[in-house]
1. Hey, does the range 46-53 have a residue that's in contact with a Ser or Thr (Cβ under 9 Å, 6 or more places away or on another chain) and open to solvent by 20 Å² or more (accessible area, probe 1.4 Å)?
2. Kindly indicate the residue of the range 222-235 that is out of contact with any helix residue (DSSP H, G or I) (no Cβ under 7 Å at 6 or more places or on another chain) and of a type outside the set (Gly, Ala, Ser) and also modelled with the lowest pLDDT among those meeting that condition.
3. Tell me which strands (runs of 3 or more DSSP E) are completely within the range 115-233 and hold 2 or more residues being free of Cβ contacts under 8 Å to residues at least 12 places away in the same chain and surrounded by 15 or more Cβ atoms within 10 Å (Cβ to Cβ), or say none if there are none.
Amino acid sequence: MFKTSTEKILPVDMILKIPKIKTRNEYWNKRFLQGVIYGKKSSMLASFVLKYLKKFKPQKILVVGGGYGRNAAFFAKNGFFVINADISANALNLGKKIFCNLSNLIFLKDDILKSKIKRHSFDSVVCLYSMSLFSDNEIKTALNTIKKILKPDGLFICNFLSKKDDEYKLGTKINENILLSDDKKQLVNFYDRKRVANLLKLIGFKILKINEVSEKRFINIFHKEFNSNSWFVVSQKPIRK
């Protein structure tokens, strides 16, 4: 006998109903009206990032999709000059109030999919828990933009949610990699190691380290703490020969 599946799978034509990026941006702007939805303490992954920042000593760091800047503030407190970029004005305004005492932390409204940041303007780009909020086409645009923003030999550190992440069991499946949140306003893209490696190599990044990591993460929209699994990646933009 075949087992009956309780997993919610959408028909193929539902792919056309993935919320547009404008709708998703509005979604995040409203969520940040709720305040510090992830707390003020930096992510555990930020401590992993810091080890590499101390090793490579970048003069100027860009945090992409940094929300109200909890991770960016952590890097700034450790002596780095940091620009925290996000599409949500509400998140940025919140961060300016919370971390107003950090003169080496700047807040910038920017959309990485159509960024106005100059080429070769940062020594390092960090993106934690935002790479999985893009569709397959959008992630290529975002990564290509990050590559342009980085200086030659610049350091790019990010993570991609793994299918072992608790959130993978929730929402409505579009396909084996993408699901929609319960309110259908945000997509979440999940990865395996091979997919992450192939994607970064396609864009032209040199992978220095990739491994699966886990941390507890409170997500206020679900009112609970999750076991969050992701692929932590350290890479570089090669110097042209």
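1. Yes, some residue in the range 46-53 is in contact with a Ser or Thr (Cβ under 9 Å, 6 or more places away or on another chain) and open to solvent by 20 Å² or more (accessible area, probe 1.4 Å).
2. PHE222
3. none
The values are calculated or read from the model by the stated rules, or taken from the named source; none is laboratory data. A quick note: this is a predicted structure, and the numbers were derived from the prediction, not measured. Using ideal geometry, Cβ is built from the backbone for each residue, glycine included, and neighbour counts are taken over all protein chains shown. Side chains are part of the model used for accessible areas, which takes the heavy atoms of the whole protein and leaves out ligands, DNA and RNA. Shrake-Rupley method; radii C 1.70, N 1.55, O 1.52, S 1.80 Å.
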